[in-house]
Amino acid sequence: MKWIFGVLLAGLAVSAGAQSVYKCRDAKGQPVYQSDPCPDAEKRWDTQPSTTTWDDYYKRQAADRKIAADRRHMRARARDISAGGGPVGTAVTSSNANACADAKRARDKAYEAMGVSRTFEASRYWDNLVWNACK
């Protein structure tokens, strides 16, 4: 008995696949949509049942809310920066540019003198010197 019931359920599940929708006209000429074919069907659509779940729907809604929040944050940040409320860059003065160029030349000279056997501490010292001169 259970076996027959299982086969019957499997048959019902298979038939729940693709279906067709027909656009027909009634006696008054009004459009009627139905699943039974009509003799002079104007149009036919083959449909598939939706495969999305409520879980997918809620995940999509959460993602859309996060995207909207990120966009609002970025717009607000851009407004703050353009209004002078945030970092926009550094003005390089001529004395700063000369000190920066001098520090880079000194570092290059020191690196050339040390060769490839320079220590991490020496590299760090010269890189910090250049960074401080150029900031």
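Straight-line cross-link partners of residue 43 among the lysines, defined as a Cα under 26 Å from its Cα and at least 8 positions apart when in the same chain: 23, 28. Please say if segment 94-134 is rounded, prolate or oblate, where rounded means a/c under 1.5 for a ≥ b ≥ c the square roots of the C-alpha gyration tensor eigenvalues, and otherwise the choice is prolate for a/b larger than b/c and oblate otherwise? Here segment 94-134 falls in the oblate category.
Straight-line cross-link partners of residue 135 among the lysines, defined as a Cα under 18 Å from its Cα and at least 8 positions apart when in the same chain: 104. Treating r as the C-beta distance of residue 83 and residue 134 and R0 as 22 Å, the FRET efficiency rounds to 0.20.
No lab work stands behind these numbers, since they all come straight from the coordinates. What you see is a predicted model; the values in this text were computed from it and never measured. Backbone-built Cβ (ideal geometry, glycine too); neighbour counts: all protein chains shown.
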